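Only one structure is covered here, and it is reproduced in the block below.
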Amino acid sequence: SQSTGSSGINAEYGEFGLQLNPYTWVSCQRVDIMMKSVDNRLRRQHYAIGNEINRQETNERNKKTFVKYSDQIHQTIDKLRNQCLDIDHGYAEEKKTLLTKTLAELQRVKGSLSTLEDKLGTEIDIFVADITDHTIRSLEHEVQTLENLIKALINRAEQELSIQDVTDVAMKSPEEIAEIRSSFFFFDEDKSQRLEYSEFKKALKALGIDVGPENAELDPKFQAILDVVDINRTGYISIDDYVHFMLMTGRKSSLPTKAELLKAFRELTGERDYILPREIREHLGPKMLEYCKRNMPRKRARGVPQDSLDYLAFCEEIYR
């Protein structure tokens, strides 16, 4: 070491090391300076070598990490690509649902790739070129290509659904459409030619669709239906929107046919052409009595009670 060297010279030569020597330019001071310089250089080299070793070890770890996760990402992309090919042979609505799920899964893969790039840096592509076919950039290209494919397939499925909707409506018989229109007028209690949300909920419940309590208009299920039938939230459902919704959901009216309803009234009245409020209350209950009072016209004929209701005119109205 430098301290041992300079002190050794001083110990051996004493004052001679401090004198000018005509035979050499070396002195203890000069040797001390030179040894300090060598020591500093060795320290710097040792530090640089340590850093290089750490860098190489980090690169090796990063290479192993990248190879492991890049293979997993590539396999997942391949799996999703094959899923798309299988999905493309299904029904339009099913295809759209499955493709949307596949796209969501691909977005998670995209996030994992982004995290890997943030952790390892883009320079990792240089270090792994000799040990794997995958790079950050090649995987990003695979993800983007597959994303474009899935979006194109979803768009095609939506077009197929639109065509299918139009075809379904066109194939409905006039009787089916008339039946749905009749159910609209049945639930239009105030005869406003439109269904308020409360009336629409009653119609949905009658068709077996669970939409929560009648007074809970913020029910998530009901809101999801409104997203289809009343996108602009006008506060009411027109007859055209109602019919279209019922056709698209494949729902049929829960109302009996006109003949069935007339037969039921005749059985209640003993074949009379009118019905009395007490008969409605007795057989159908107080709520239906209130409804009939609001919507069923009075029977105007000689010899019938004043509170008689004309169920024949009522049936003609709702089944027109």
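The values are calculated or read from the model by the stated rules, or taken from the named source; none is laboratory data. Here the structure is a predicted model, which means the values were calculated and not measured. Note: ideal-geometry Cβ built from the backbone for every residue, glycine included; neighbour counts use all protein chains shown. The protein model used for the area step is the full one, side chains on, heavy atoms only, and it has no ligands, DNA or RNA in it. Shrake-Rupley method; radii C 1.70, N 1.55, O 1.52, S 1.80 Å.
Label positions at Lys263 and Arg156, each projected 7 Å from the Cα along the C-beta direction, are separated by 5.0 nm. When all protein chains stay in place and ligands, DNA and RNA are ignored, the 1.4 Å accessible-area order of Glu175, Glu105, largest first, is Glu175, Glu105. Scalar couplings 3J(HN,Hα) for region 30-42, obtained by applying the Karplus form with A = 6.51, B = -1.76, C = 1.60 to θ = phi - 60°, are 5, 4, 4, 5, 5, 5, 5, 5, 5, 4, 5, 5, 4 Hz; x denotes Gly and Pro. Here r is the Cβ-Cβ distance between Glu176 and Asn148 and R0 is 56 Å; the resulting FRET efficiency, rounded to 0.05, is 0.85.
Placing pseudo-labels 7 Å out from each Cα toward the beta carbon at Thr65 and Lys205 gives an inter-label distance of 5.9 nm.
Ranked from largest to smallest solvent-accessible area, with a 1.4 Å probe on the protein heavy atoms, Ile177, Ile231, Ile237 come out as Ile231, Ile177, Ile237.
Sorting Tyr197, Tyr47 by accessible area (1.4 Å probe), largest first, what list results? Kindly include the intermediate steps, with their values, before the conclusion.
On the way: Tyr197 25, Tyr47 155 Å².
Reading off the accessible areas and sorting them downward yields Tyr47, Tyr197.
Close amide H contacts of Arg298 (hydrogens built in the peptide plane, cut-off under 5 Å, sequence separation of 5 or more or a different chain): Asp310.
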